[in-house]
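Asker: Have a look at this one.
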Amino acid sequence: DAAATQTACTHCGLPVPRGLIERDAPHQFCCQGCRAVFSIIHAEGLDDYYAMRRSLETDKARVPEASIQYDAYDDPAFAEAFSTPHEDGTTTATLSVDGLHCAACVWLIERLQRVVPAVISAHVHYGRATVDIRWRTGEARFSDIARGLHALGYPASPPRGASQDERRRADARAQLIRIGVAGALAGNIMLVAVALYAGVFDGMDHATLTFFRWVSAILGVLTLAWPGRVFFRGALGAIRARAPHLDLPIALALFVGGAWGVANTIRGTGEIYFDSLAALVFLLLVGRFIQSQQQRRAADALDLLLTLTPSLVRVVRPDNAATDTKPVEAVQLDDLAEILPGETIPVDGVVDEGESELDQSILTGESAPVPVRAGASVFAGAVNLSGVLRVRTTAVGESTRAARLMQLVADAAEQKAPIVQTADRLAGWFVAIVATLAVATGIAWSLLDPA
């Protein structure tokens, strides 16, 4: 047992079971998957993969069993949905990959051409766990590309909502950068403000006072010019659309405070407000980021409904002798779908053969299994618990009950309650009145008593 725990798999690094240890063999493997992947990497001259992984001190998970059927990738409907042919005789596609752990994984996947020679390029997006692939159309099929990734140890699947997720990631990244810059500038302006406030009580020579005021002004202008520009952009948009919103008074306050602070800095007298303005920008940006994250979580919860139904369907051939795996987009009404125990039903239909129990909690909220037999109606999203079922399709895709439920949830999320609609109508007038009163007050006092 001690020897077994000290024997690591050459590929993944996990302990090799005692029964799989080969005496005097140069390489040891914990499973046949690791042995197969090691053979491919070694045969294609990709041994540097292990050196890179060791240098990064990361471990590679074992290769999942090749249980995924990739023949459906060659179906015209599937290929049209998830790949793009080009006039130069090449095709591009984006696939999600499982098991992407480190830079060594990226390095290996981007050498997919060694396994599938038709591949021209493979570019991995590590953060999204996707890979963009371009290959010569006549030399390889879509399924060959997916199998090549799987052979390297990275099961592939079509991404769902990748472009939207990419945009949200980019937006969140931009917000965090603005918050970081605003926080750094606000912190430094606060330190300068502490020195200025201390000088009020303990005294400070004019040259030092002027220096600190200019430092505060420069950092304050940078705060308004970059992190704070989102409020000015929003205010300009509100003016163009003639729909005033909260960015308008915020931008007005920032502009007036910043302009007056710069003027007082140049004149060498009067108050400067850059510490307050910088803190305001920082806190507003943090608040907006928290709000956007909450909205994103709500959107992610809605997107999870897309995973209720599988993207592949096992369709029984007309002779009842075998099945073909097809994308759900290619399934026709009255097709006979086969659902094995543990699988999620991908279509609405009527049980044609078999008996089983279904977990319909995702649709009804009821956790107790529901028995079904020939003639019973079943719906996409339910989980087959025990027996093999053959279901005659009555609805596919957007016509299924699960899809209609998703649409109802999406519509409810987009609709506003009557009180919110009323608040939206009043908000424009409120902002316009407040901004007008602020400008009028400023003009009045400048005429009556500027001090």
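The values are calculated or read from the model by the stated rules, or taken from the named source; none is laboratory data. A quick note: this is a predicted structure, and the numbers were derived from the prediction, not measured. For neighbour counting, all protein chains shown are included, and Cβ atoms are generated from backbone atoms with ideal geometry for every residue, glycine included. Note: areas computed on protein heavy atoms with side chains; ligands, DNA, RNA excluded. Shrake-Rupley method; radii C 1.70, N 1.55, O 1.52, S 1.80 Å.
Asker: Does any residue in segment 81-100 that is at positive phi come within less than 8 Å, Cβ to Cβ, of a residue that is open to solvent by 30 Å² or more (accessible area, probe 1.4 Å) and in a strand (DSSP E or B) six or more places away or on a different chain, and which pairs are these?
Answerer: As it stands, the answer is GLY89/ARG136, since those pairs meet every condition given.
Asker: Moving on to the next point. Just to be sure I understand, how many residues within segment 46-65 are open to solvent by less than 50 Å² (accessible area, probe 1.4 Å) and either at pLDDT 70 or above or assigned to a loop (DSSP other than H, G, I, E, B) (or both)?
Answerer: The number of residues fulfilling the criteria is 7.
Asker: Additional query: Being out of contact with any Phe, Trp or Tyr (no Cβ under 9 Å at 6 or more places or on another chain) and of a type outside the set (D, E, K, R) is the filter here; which residues of segment 7-29 pass it? Spell out how you get there, then give the answer.
Answerer: Restricting attention to segment 7-29, the residues satisfying the condition of being out of contact with any Phe, Trp or Tyr (no Cβ under 9 Å at 6 or more places or on another chain) are 7-8, 13-15, 17-19, 21, 23-26, 28.
THR7, ALA8, GLY13, LEU14, PRO15, PRO17, GLY19, ILE21, ALA25, PRO26, GLN28 - these are the residues of segment 7-29 that are out of contact with any Phe, Trp or Tyr (no Cβ under 9 Å at 6 or more places or on another chain) and of a type outside the set (D, E, K, R).
Asker: Got at least one residue in segment 186-196 being modelled with pLDDT under 85, of a type outside the set (Gly, Ala, Ser), more than 19 Å from VAL256 (Cβ to Cβ) and not in a loop (DSSP other than H, G, I, E, B)?
Answerer: No; the residues of segment 186-196 include none that is modelled with pLDDT under 85, of a type outside the set (Gly, Ala, Ser), more than 19 Å from VAL256 (Cβ to Cβ) and not in a loop (DSSP other than H, G, I, E, B).
Asker: Quick one: is MET204 open to solvent by 50 Å² or more (accessible area, probe 1.4 Å) and assigned to a loop (DSSP other than H, G, I, E, B)? Show your work before the answer.
Answerer: Details: open to solvent by 50 Å² or more (accessible area, probe 1.4 Å): yes; assigned to a loop (DSSP other than H, G, I, E, B): yes.
Yes; evaluated as a whole, the condition is true for this residue.
Asker: Where residues in segment 276-297 are among the aliphatic types (A, V, I, L, M) and open to solvent by 60 Å² or more (accessible area, probe 1.4 Å), which of them is modelled with the lowest pLDDT?
Answerer: Initially, segment 276-297 is screened for residues among the aliphatic types (A, V, I, L, M), giving 277-281, 283-286, 290.
Filter once more, keeping what is open to solvent by 60 Å² or more (accessible area, probe 1.4 Å): 280, 283, 290.
Numbers: LEU280: 95, LEU283: 95, ILE290: 88.
Filtering segment 276-297 for residues that are among the aliphatic types (A, V, I, L, M) and open to solvent by 60 Å² or more (accessible area, probe 1.4 Å), the one modelled with the lowest pLDDT comes out as ILE290.
Asker: Let me ask something else. Considering ALA146, ALA122, which residue is among the hydrophobic types (A, V, I, L, M, F, W, C) and closer than 23 Å to GLU87 by Cβ? Break it down stepwise before answering.
Answerer: Details: ALA146 fails: closer than 23 Å to GLU87 by Cβ.
After applying the criteria, what remains is ALA122.
Asker: Quick one: in segment 260-275, which of the residues that are assigned to a helix (DSSP H, G or I) and of a type in the set (Val, Ile, Thr) is surrounded by the fewest Cβ atoms within 10 Å (Cβ to Cβ)?
Answerer: Of the residues in segment 260-275, the ones assigned to a helix (DSSP H, G or I) are 260-267, 274-275.
Pick out the ones that are also of a type in the set (Val, Ile, Thr) and you get 262, 265-266.
On the way: VAL262: 17, THR265: 21, ILE266: 11.
Applying the filter and picking the extreme gives ILE266.
Asker: I'm checking my understanding of the structure. Among residues of segment 1-32 that are modelled with pLDDT under 75 and touching a Pro at 6+ places or on another chain (Cβ under 7 Å), which one is surrounded by the most Cβ atoms within 10 Å (Cβ to Cβ)?
Answerer: ALA4
Asker: A further question on this structure: Report the residue count in segment 134-144 for those that are more than 11 Å from ILE120 (Cα to Cα) and either surrounded by 20 or more Cβ atoms within 10 Å (Cβ to Cβ) or at pLDDT below 85 (or both).
Answerer: 1
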